Each structure stands twice: as structure tokens, then as C-alpha cells.
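The values are calculated or read from the model by the stated rules, or taken from the named source; none is laboratory data. On a predicted model such as this, the values are computed, not experimentally measured, just so you know. Neighbour counts run over all protein chains shown; Cβ positions are idealised from the backbone, glycine included.
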Amino acid sequence: MSAGTNVTQGTSPGLDAGALPEHAQVVIVGGGVIGSSIAYHLTKLGWRDVVLLERRQLTAGTTWHAAGLITSAGCATETMLWMARYTRDLCASIEAETGQATGFRPIGHLSLATTPGRLEALRREAAFARGYGVDNQELSAREFGELWPQARTDDVLAAFYVADEGRVNPVDLTMAYAKGARMGGARILEGVTVIGFRTARGRVTGVVTDRGAIQTECVVNATGIWARQVGALAGVSVPLQAAEHYYLITDTVEWASPDLPVIEEPDRHGYYREEGGGILVGLFEPVAGPWSLDSMPGEVAFASLPPDWERVGPYLARAMDRIPALHEAGVRTMFCGPESFTLDIGPLLGEAPELGGFFVAAGMNSLGILLSGGVGSLMARWIVDGVPPVDVTGLGIDRTQLFETSRRFRADRTVEQLGALFADAAWPNWHPRTARNVRRSVIHDRLVAAGAHFAVSSGWEYPEWFAVDGAPPEIVLGWGRDGSFALQAAEHRAVREAVGMLDVSLMAKFLVQGRDAEAVLNRICANDVAVPVGRVVYTQWLNERGGIEADLTVTRLGEERFLAVVTDLVHRRIAPWIERHAPEGAHVTVTDVTSGTTLLTVQGPRSRELLQRLTSADLSNDAFPYLTAREIDVHYARVLAMRVTYVGELGWELHIPAEFSLTVYDALMEAGADLGYRNVGLGAMNSLRLEKAYRDYGLDIDNTDTPLDVGLGFAVAWDKPGGFIGREALLARRHAGPPRRRLAQFLLEDPEPLL
């Protein structure tokens with residue numbers, strides 16, 4: 001335990017005293033606002049056999065010291081906005097339902113813009129929110145000053161005001177959830193420590209505590225800053241890290257009214273609200289302090305940490321400059337408490353890929369109070385229905401990577417996460433600066449020498465664009481065209497007019513083998529993969545509601561051998577999905593071969609001419625048709641070549657054994673010199689695929705979309721023997737008539753960026 005940490009031990013009067021039940025339909029571990037909300041929402045769906053276990057007392061982890069802001073600010077996705085607004089509405093209604101006050105006060109919320117870039121970002125955010133019914137108004141500096149007379153306004157370009165948002169009491173809200181859960185039949189047991197889990201055949205079967213064991217087929221890890229340790233007890237990776245989180249409360253100031261709206265100012269990394277007659281100034285400093293990297297102290301409850309004045313002092317002083325009178329006010333409290341942050345600043349939700357029936361709801365990145373109602377509803381529906389009711393592509397725990405739990409990665413990445421969450425992550429061209437160069441393709445150094453500018457996804461360094469013939473352009477975070485636009489445009493034209501090479505080694509690749517491989521895959525795939533050897537099949541994997549869980553190609557390499565290629569976003573979803581949907585006793589194995597091959601894709605009207613110079617294979621249309629695959633020689637190497645494209649041009653994917661990768665890359669460079677050959681980054685690939693209306697999973701399509709909604713009905717084999725997962729739901733959609741929503745493509749006449 002860190003020096004200076006304050007600890008309160010013991011338990012409150014037992015909410016449900018007595019022995020542990022022998023069995024429960026679901027066991028929730030963790031009695032903070034998230035666990036209590038999940039218990040409440042499960043009972044609202046009719047589940048009564050719900051047990052919540054809390055090691056100390058409800059709210060004892062991080063819930064008790066939360067600031068309790070209720071705001072849609074920063075909610076840049078439909079799911080995040082829905083969760084925030086759902087919580088806001090529930091804060092008001094649950095009081096009437098349970099008789100337990102929540103302390104919700106809709107005093108209004110203000111977001112400040114003091115730079116042109118921030119002004120554009122907040123205008124976009126406001127327009128997005130208004131599209132979902134949130135009345136987000138743009139105010140002038142004068143109008144802002146009328147709402148907050150003590151605030152400095154001379155540098156304010158605009159303020160964005162949502163009148164029906166504000167604040168809530170975190171402890172009271174948690175108690176309302178808990179009371180509602182008990183009213184619905186749930187049992188809440190305090191003073192119970194989970195020390196292990198029981199499993200069988202890849203699924204959780206029980207929870208072991210210091211007071212006995214509970215049989216269950218469903219567990220929810222909602223333990224907040226302890227979630228990584230609790231997950232490890234079950235062999236589940238939960239990559240999050242506690243960090244120091246600060247706020248200051250001043251002595252009483254006569255002008256501090258409880259009706260003052262909450263202020264958030266991203267570029268000062270601060271937020272402000274009234275607290276007990278003083279003003280609370282909270283920080284999301286751009287250089288944060290990870291706390292307790294090795295393991296979270298199990299005995300800590302209601303913890304406060306010694307402040308690091310040297311580190312946070314300058315940020316706090318700058319934040320207080322927004323309200324100059326605060327510099328003259330005394331300090332009542334300088335609070336530092338632990339809060340959990342994830343390595344991509346998105347919550348970790350859903351069923352763990354390692355263990356069936358083991359759900360995670362953690363890593364709220366200091367937004368636990370704000371998201372509590374939405375997370376509780378989402379998780380309850382996910383558990384009861386088997387599928388999430390909203391888009392979770394950016395929230396599902398299976399998007400994470402195993403290396404992210406390493407001590408060094410957590411230590412390095414967490415430093416920037418608070419500031420990124422509050423400010424920099426608003427920009428579409430922002431990428432993490434810390435903990436980089438984790439995963440690099442074999443040809444990485446060649447790409448560096450060629451002028452590559454790298455971005456990162458799933459730890460992979462991938463080339464976004466290439467600077468040629470000079471120094472790289474300056475990149476400014478924002479929504480406009482940055483200095484790389486002309487370079488990406490040239491790469492785009494090279495693929496359309498000549499030939500380009502893209503390194504897409506970050507794509508996940510799996511060998512699926514065995515005598516039952518065809519049957520298992522054909523049940524999972526919406527398209528028909530019972531095809532001749534050498535055929536490439538474009539398909540989707542669907543859930544029981546017909547929603548898309550993966551968008552991929554499946555290539556038949558042999559009678560009992562297939563290769564699945566899919567976006568890195570769902571890398572950890574693939575093997576568990578196959579294993580959990582394979583019948584008992586099925587003879588099928590899944591092998592992750594991502595790291596063993598380099599995946600180069602050669603695309604453009606002159607791609608055949610280039611490759612033909614390096615191979616003895618016949619690449620003509622008749623000999624090598626579209627959507628076929630075969631092993632060919634390329635220079636000195638034997639590679640698996642697939643005639644497939646993600647940019648809408650003639651081209652081949654080359655799956656190259658790692659040890660031959662440099663040889664093949666160098667040969668392509670040399671042979672293509674007179675053909676207009678160019679290295680191409682994934683920025684240009686994105687514009688190329690958009691022109692052709694090719695979908696990108698996680699951006700254009702997600703788990704709530706069916707193939708019919710997004711124009712992929714052509715990839716559905718409706719009548720194949722045995723059907724496929726989601727077929728009945730998809731048929732019902734088809735028989736209901738035209739989709740209520742449809743993914744459409746637009747051509748903008750104005751060449752300037754509008755969206």
C-alpha cells in the first residue's frame with residue numbers, strides 16, 4: 001500500500017446477513033455504482049436469483065469519491081451518448097420508484113471553446129447530440145458570463161450549454177440502484193471476498209469466496225480498480241490501470257451558488273462545479289500518475305492518496321485561471337483518489353473471450369457514475385438475451401490484446417490517458433504517443449526508410465501515409481485537412497492509375513482445420529464456404545438476431561483446411577466464437593497464424609504486370625479468376641496469393657512466410673520502379689474503399705446491423721443445407737419488407753471536407 005493512503009475497514013450493517021446461497025443464476029462481484037446498476041437492471045428483466053458480493057461496503061472502491069457529473073459532453077458515439085442520457089433520465093425516475101434520493105440536480109452543463117479547433121470540435125459534438133434529441137445550445141462569451149459571472153470570458157469563443165444535465169450524488173445513486181435491486185429480489189452481501197472461480201470446459205461454474213462457494217453459470221466482474229486482479233483469478237485478461245485522480249475544493253466563497261452550471265474546459269484539462277459552498281476544481285491532467293502497478297491493495301477501502309503537488313500543481317493553477325477569484329480562496333480539500341483507466345480510454349464490457357459466462361463491466365475511465373445506468377441496462381440485456389442491444393464494437397472486452405496487461409505497457413500508456421480522454425481524443429487524427437512500437441511487421445524498417453508515418457491499432461504500427469522527396473509535413477490535431485492530404489491523394493491515385501503496395505499485416509489470420517471444419521464454418525458463416533479448394537468466400541458471422549459479429553474472408557486451402565482473414569478489431573473474438581459454436585465432439589482446431597506471415601496487398605491496374613515479372617504462375621483472368629487463391633512463387637519465395645481487393649482494383653493479397661518478407665518486398669520495389677509503383681498507407685486505403693462503398697467493420701457496420709441493412713445481402717446463402725446462425729432473424733427481417741434503416745453512399749459536390 002502506498003505511503004499516506006487512508007483506509008477504512010469494516011462493513012456497514014449487513015444488507016442481507018446470513019450464509020451464502022449455494023446457487024445463483026448470476027453472481028455480480030463488486031458493489032460500486034456499476035455492479036449495483038447491473039443487479040437492478042437484471043431484476044427489471046425478471047431475473048430474481050441475483051447475488052451481488054461486495055468485499056467491504058457498497059461504494060467503498062472509487063464510487064464514493066466520484067464528482068458525479070451527468071453530461072453528454074465528449075460522448076462522440078451513439079452508444080456512449082445513449083448510455084449517458086439513459087443514466088440522466090434514470091437518475092430522476094429511480095427516486096420515485098425506490099423512494100431513495102439520488103441527489104440529481106439538472107443545473108446545466110457548459111463546455112468551453114477557446115481555440116478555433118476546439119470550437120469546431122464542440123460544434124460537431126453539439127450537432128451530433130442534437131441529432132439524438134439533446135438540446136445542446138451554442139452560447140456567446142457574454143451569455144456564458146451571465147451564467148457564470150466570476151468566470152473569465154475574454155478568451156472564450158463560445159460555450160455549449162445543455163440545460164437539463166448537471167450532477168448527482170454518487171453514493172445516493174448507488175444506494176438507489178441497490179434498493180431497487182433488492183426490491184426486485186436480488187441479494188446483496190457485504191463483507192464477502194472473492195478468492196477464486198470454478199470452471200469446466202471453458203465456462204465458469206462457480207465463485208469461491210472466503211465464506212464459501214456459490215454455483216453459477218454467469219459471473220460479472222464489476223470490481224473497478226480491482227478488475228484486473230479479479231479477472232486473473234479466472235484466467236481472464238482485463239487490461240486497465242489505476243491512476244491518481246484529483247480535485248480541489250475551496251473554502252466557502254459567498255458567490256458559490258449550488259445552481260451554478262457545471263463547466264468543462266478541455267484545453268485547461270479542468271472542470272468546475274459548486275460543492276458545499278465552495279468550488280470544486282477537477283483535473284484530467286495531460287501527464288498522469290499510474291498508481292499501484294503491481295497489484296491493487298486488497299484491504300483498501302475509501303482510499304485517499306497523497307497528492308503529487310510537483311506534478312499536478314502547474315495544471316491546477318492553469319485550471320484555476322478560468323475563475324481568477326479562486327486564487328484568493330482557501331483550500332478546504334485537495335483530494336487524490338485512485339480511478340481506473342483503460343489503454344484506449346473505452347470501457348471494458350461483455351463476455352470474456354477466455355471464459356464463457358464470465359462477463360466484465362469495468363474500466364469506466366472516471367465516467368462510472370455518468371455511464372452507470374446505461375452500462376447496467378446494456379449488460380443486463382447482454383446477459384439475458386445473449387447479444388448486446390447496442391453497438392459495442394468500441395467497448396467489447398474482446399477488442400483488447402493480451403499484451404496490454406503487461407506492467408510496462410500499463411505504466412507507459414496510462415500517463416497520457418487522462419488528458420487524452422478529456423481533450424486530445426476528440427480529434428479524428430489523434431493517436432496515442434506512449435507505449436508505441438509494440439507490434440511491428442517484418443518490413444517495418446523498410447517502411448521507415450521509405451518515409452512511413454505510423455499510426456497504431458491493436459498495438460500494431462501501421463503506415464498511415466508516406467512522406468516522399470522531403471521532410472514529413474507538420475501534423476496538427478483537428479478536423480481539417482492536415483499536411484498529409486496531398487501525400488495520401490498521390491497514393492490514392494497511384495492505386496487507381498498504376499500500382500501500389502499496402503502492408504496490412506495487422507489483419508488477423510486463423511487456420512481452421514479438421515474433418516468437421518467445413519461443417520462448423522458453414523454453420524457460423526452466412527455465406528456458403530462449402531466451395532472447391534482455392535476459392536475465397538466473402539462472408540459475415542451473425543449473432544442470433546442477425547447482427548454482424550465479424551466481416552471477413554474465408555479461403556478453402558484444402559479439404560479440411562480453411563484460412564479466415566478479419567480485421568484486427570475482432571482478433572480475440574474469432575477463436576472463441578468458433579469453439580463456442582462448434583458442436584460437442586466436433587473435430588476442428590483453430591490456430592492463430594497472424595504473427596507467422598506478412599500480408600502485403602498489391603493493388604492497381606498494373607498489379608498483374610508487376611507480379612507477372614516476379615512469378616512463373618499464370619496470372620491471367622482465365623488462369624487466376626477473381627476470388628481464387630493458390631500458392632505461387634514470387635521471386636525466391638513461395639507465397640499464398642489471393643485475387644481479392646479492398647480498394648476496388650485489380651490486385652492480389654500475398655500471404656508471405658515471415659522469413660521471406662523482406663526478400664519479396666525488395667523485389668516488388670525493384671520490379672515496379674518503371675510502373676508507377678508506390679508504397680501506400682492505410683489512409684489512402686480508407687479513401688479508396690470508401691469510393692467503392694466497401695464496408696469497414698467498427699466504422700460503417702457493427703453488431704446491430706444485419707447484412708440487409710448495409711447492402712450485404714448478396715453475401716448471404718439463404719438456402720444452404722443446415723442454415724446458419726441468425727438465419728431465422730434475418731428471414732424475419734426480409735419478410736418484413738424494406739429495412740427501416742439502410743447504409744447509403746453519397747458523393748459530395750463540394751471537395752472541401754464537410755463530415
inquiry  = Given the criteria touching a strand residue (DSSP E or B) at 6+ places or on another chain (Cβ under 8 Å) and more than 24 Å from Ala550 (Cβ to Cβ), does Arg440 qualify?
reply    = yes
query = So, of the residues in segment 386-407 that are among the hydroxyl-bearing types (Ser, Thr, Tyr) and surrounded by 18 or more Cβ atoms within 10 Å (Cβ to Cβ), which turns out to be nearest to Met507 (Cα to Cα)?
reply = Thr400
task = Check whether at least one residue in segment 552-561 is hydroxyl-bearing (Ser, Thr, Tyr) and either within 27 Å of Gly713 (Cα to Cα) or touching a helix residue (DSSP H, G or I) at 6+ places or on another chain (Cβ under 6 Å) (or both), and report yes or no.
result = yes
request  = Inspect all residues belonging to segment 711-721 and state whether any of them is of a type in the set (Lys, Arg), closer than 28 Å to Gly350 by Cα and not assigned by TED's automatic domain parsing to the domain that holds Ser620.
outcome  = no
key: Filter result (more than 30 Å from His635 (Cα to Cα) and surrounded by 23 or more Cβ atoms within 10 Å (Cβ to Cβ)) within segment 571-601   = His571, Arg572, Ile574
inquiry  = Given the condition surrounded by 14 or more Cβ atoms within 10 Å (Cβ to Cβ), at positive phi and assigned to a loop (DSSP other than H, G, I, E, B), answer yes or no: does some residue in segment 714-726 qualify?
reply    = yes
ask   = When you go through Gly31, Gly74, Gly46 one by one, which is the residue that is assigned to a loop (DSSP other than H, G, I, E, B) and closer than 13 Å to Ser372 by Cβ?
value = Gly31
query = Pick from segment 51-64 the residues that are touching a Gly at 6+ places or on another chain (Cβ under 7 Å) and among the aliphatic types (A, V, I, L, M): which of them is nearest to Ser304 (Cα to Cα)?
reply = Leu58
remark   = Only one of (1) in contact (Cβ under 8 Å) with a residue 12 or more places away in the chain; (2) assigned by TED's automatic domain parsing to the domain that holds Glu265; (3) more than 26 Å from the chain's Cα centre (by Cα) does not apply to Arg142, and that is (1)
query = For Arg198, are the conditions met, namely being at pLDDT 95 or above and farther than 29 Å from Ala232 by Cα?
reply = no
inquiry  = I'd like to check something: does segment 456-469 contain any residue that is farther than 30 Å from Gly235 by Cβ, at pLDDT below 95 and part of a helix (DSSP H, G or I)?
reply    = no
key: Qualifying residue in segment 308-323 (condition: at negative phi, in contact with an Asp or Glu (Cβ under 7 Å, 6 or more places away or on another chain) and surrounded by fewer than 18 Cβ atoms within 10 Å (Cβ to Cβ))   = yes
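Here is a yes/no grid of residues against (1) at pLDDT below 95; (2) of a type outside the set (A, V, I, L, M, F, W, C); (3) not in a strand (DSSP E or B):
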| position | (1), (2), (3) |
| --- | --- |
| Ile249 | no, no, no |
| Asp267 | no, yes, yes |
| Arg273 | no, yes, no |
| Gly282 | no, yes, no |
| Arg322 | no, yes, yes |
| Ser340 | no, yes, no |
ask   = So which residues in segment 340-369 are within 18 Å of Ala84 (Cβ to Cβ) and out of contact with any strand residue (DSSP E or B) (no Cβ under 6 Å at 6 or more places or on another chain)?
value = Ile345, Gly346, Pro347, Met364, Leu367, Gly368, Ile369
key: So Pro347, is it within 30 Å of Leu402 (Cα to Cα), surrounded by fewer than 19 Cβ atoms within 10 Å (Cβ to Cβ) and in contact (Cβ under 8 Å) with a residue 12 or more places away in the chain   = no
request  = Pick out the one residue from Asp551, Asp503 that is in the same structural domain as Ser441 (by TED's automatic domain parsing) and surrounded by 23 or more Cβ atoms within 10 Å (Cβ to Cβ).
outcome  = Asp503
